[in-house]
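Here's the structure we're looking at; comments come further down.
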Amino acid sequence: MKTVNHWIGGKTVEGASGNWGPVTDPATGAVTTQVALASAEEVDSAVAAAKAAYATWGTSSLAQRTGILFRYRALLDAHRDDIAALITAEHGKVHSDALGEVARGLEIVELACGITTQLKGELSTQVSNRVDVAAIRQPVGVVAGITPFNFPAMVPMWMFPLAIACGNTFVLKPSEKDPSAANLLAELAAEAGLPDGVLNVVHGDKIAVDSLLAHPDVAAVSFVGSTPIARYIHTTASAKGKRVQALGGAKNHMLVLPDADLDAAADAAVSAAYGSAGERCMAISAVVAVGAIGDELVAKIRERAEKIKIGPGNDPMSEMGPLITKAHRDKVASYVTGAAAQGADVVLDGTGYTVDGFEDGHWIGLSLLDRVSTDSDAYRDEIFGPVLCVLRTETYEEGVKLINASPFGNGTAIFTRDGGAARRFQLEIEAGMVGVNVPIPVPVGYHSFGGWKDSLFGDHHIYGNDGVHFYTRGKVVTTRWPDPAEAPAGVDLGFPRNH
């Protein structure tokens, strides 16, 4: 059986806690790997390695950092298929989707390669007689990243490349459900020339997480995961004086107006709801049909959903793979089996789906629930699986009111041909990311990703300008140099004047 150990101080470090976690192949249900679960002492070792490396990395030149990152980007590009294969083997998503994940992570590596422009300061000269004021940004120190199972390569790459480009060192705690991709990312960084200890990977469960949150040498924490854990991360780490960006869960809505291209809307709904088996925080899980279009839209969604090919992620014919674990599969299924009793029309029920020859895999088919009420479990909860809810409203205003009443505010979309309605929606909707005829409005790397309300805890979104600001601290330097042609002015106890 394969073993996944920690990566600390530039080398593989065998797990010493005696605790191991199982990693399954979601397509077969078989345990293929064991992953070391770190003790508090092992977390201390990783943080100590990061702290020691920070002494030199924090003052390294931008040329050195960007040179390494450019080489790292080339290595990641050369190993796209290798990273994607690890994602498919442990997460279950199809290979093309895994490749897309790697590509989106590479966007942030490319942003980090251009950190020289992001870290430029500001200078005001002669604000007073012979007085200049400069604003600069400096790294914060040791940063911890805690990442989810659904994007085992992309989300770590949303964090550590930018953090280390800014001069920080990093301790990554990836999901113990699919840990191998994180180790490969760290090994490739070392191959690119990243000094030992700048990037460390510790695997583990709540013990490892709590150790990072409490550690006095960890200055900042980045997190992506569910809302309850995001709230816990933010509350716990903030109480320890750390800066925190904690991205939580979502219930992303797609508002479809009567004038929309219903074929395009149906294509988008199926792609956004069922891609990656619905295991993504930007999945569309609720379609709000406005006016009389509901029946036609549901019929078009059903027609497309019934054609989706479900199978092992390494099968080129598969369009959707299994769910990550059997327990998660059963939880997702429970929302479908209980939907009718809570008033929904079950248009498609995927709970009985299986794949010939892979009967022990974590399979579930596509489910479509129509006329879902806002007080039902399927609507209120983040299901994180291939279940799409359709709700009906009579007007645009009712649709916006429904969406804004949700405690989540991650992403949302509107489908319409009306520019005026789209403009209103952009301004009136309470969400951090908005798509206009775009179902999954994930920003490009040089804009920041993050939601509102219970989808984000902390003041900073991830990557983009917000990411640079999160991983750095501002400092303002006021300077006066005496003119050698003038005599000293003498002592002045008055408050300094700028005019």
Considering only residues that are touching a Lys or Arg at 6+ places or on another chain (Cβ under 7 Å) and under 21 Å from Gly121 (Cβ atoms), look in the range 138-160 and name the one that is least open to solvent (accessible area, probe 1.4 Å).
Val140
Being closer than 20 Å to Ser373 by Cβ and either in a loop (DSSP other than H, G, I, E, B) or of a type in the set (S, T, N, Q) (or both) is the filter here; which residues of the range 283-307 pass it?
Ser285
Would you be able to tell me the number of residues in the range 68-105 that are open to solvent by 20 Å² or more (accessible area, probe 1.4 Å) and closer than 25 Å to Leu119 by Cα?
7
Only one of Pro156, Pro161 is touching a residue at least 40 places away in the same chain (Cβ under 8 Å), closer than 15 Å to Gln64 by Cα, touching a Leu at 6+ places or on another chain (Cβ under 7 Å) and not in a loop (DSSP other than H, G, I, E, B). Can you tell me which?
Pro161
Only one of Phe457, Phe408, Phe495 is among the hydrophobic types (A, V, I, L, M, F, W, C), farther than 21 Å from Ala272 by Cβ and surrounded by 15 or more Cβ atoms within 10 Å (Cβ to Cβ), namely Phe457
Output the residues belonging to the range 27-57 that are farther than 30 Å from His362 by Cα and among the aliphatic types (A, V, I, L, M).
Ala40, Val43, Ala46, Val47, Ala48, Ala49, Ala50, Ala52, Ala53, Ala55
Over the range 215-258, the set of residues part of a strand (DSSP E or B), of a type in the set (A, V, I, L, M) and open to solvent by 20 Å² or more (accessible area, probe 1.4 Å) is Ala219
The range 105-141, subset in a strand (DSSP E or B) and among the hydroxyl-bearing types (Ser, Thr, Tyr), residue nearest to Arg80 (Cα to Cα):
Ser124
Going by the conditions given, is Gly350 within 27 Å of Leu262 (Cβ to Cβ), open to solvent by less than 30 Å² (accessible area, probe 1.4 Å), in a loop (DSSP other than H, G, I, E, B) and not β-branched (Val, Ile, Thr)?
yes
Qualifying position, being farther than 23 Å from Leu247 by Cα, open to solvent by less than 10 Å² (accessible area, probe 1.4 Å) and in contact (Cβ under 8 Å) with a residue 12 or more places away in the chain, among Ile284, Ile293, Ile301:
Ile301
Of all residues in the range 430-485 being among the charged types (D, E, K, R) and assigned to a strand (DSSP E or B), which is modelled with the lowest pLDDT?
Arg480
Of the criteria (1) open to solvent by 10 Å² or more (accessible area, probe 1.4 Å); (2) touching a helix residue (DSSP H, G or I) at 6+ places or on another chain (Cβ under 6 Å), which one Ala189 fails:
(1)
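Okay, residues lined up against (1) open to solvent by 50 Å² or more (accessible area, probe 1.4 Å); (2) more than 16 Å from the chain's Cα centre (by Cα); (3) among the hydroxyl-bearing types (Ser, Thr, Tyr):
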residue: Met433; (1), (2), (3): no, no, no
residue: Val436; (1), (2), (3): yes, yes, no
residue: Pro439; (1), (2), (3): no, yes, no
residue: Val442; (1), (2), (3): no, no, no
residue: Gly445; (1), (2), (3): no, no, no
residue: Asp466; (1), (2), (3): no, no, no
residue: Lys475; (1), (2), (3): yes, yes, no
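The values are calculated or read from the model by the stated rules, or taken from the named source; none is laboratory data. Everything quoted here is computed from the prediction, not taken from an experiment. Cβ: placed from backbone, ideal geometry, glycine included. Neighbour counts: every protein chain shown. We work out accessible area using only protein heavy atoms, side chains counted, and drop any ligands, DNA or RNA first. Shrake-Rupley method; radii C 1.70, N 1.55, O 1.52, S 1.80 Å.
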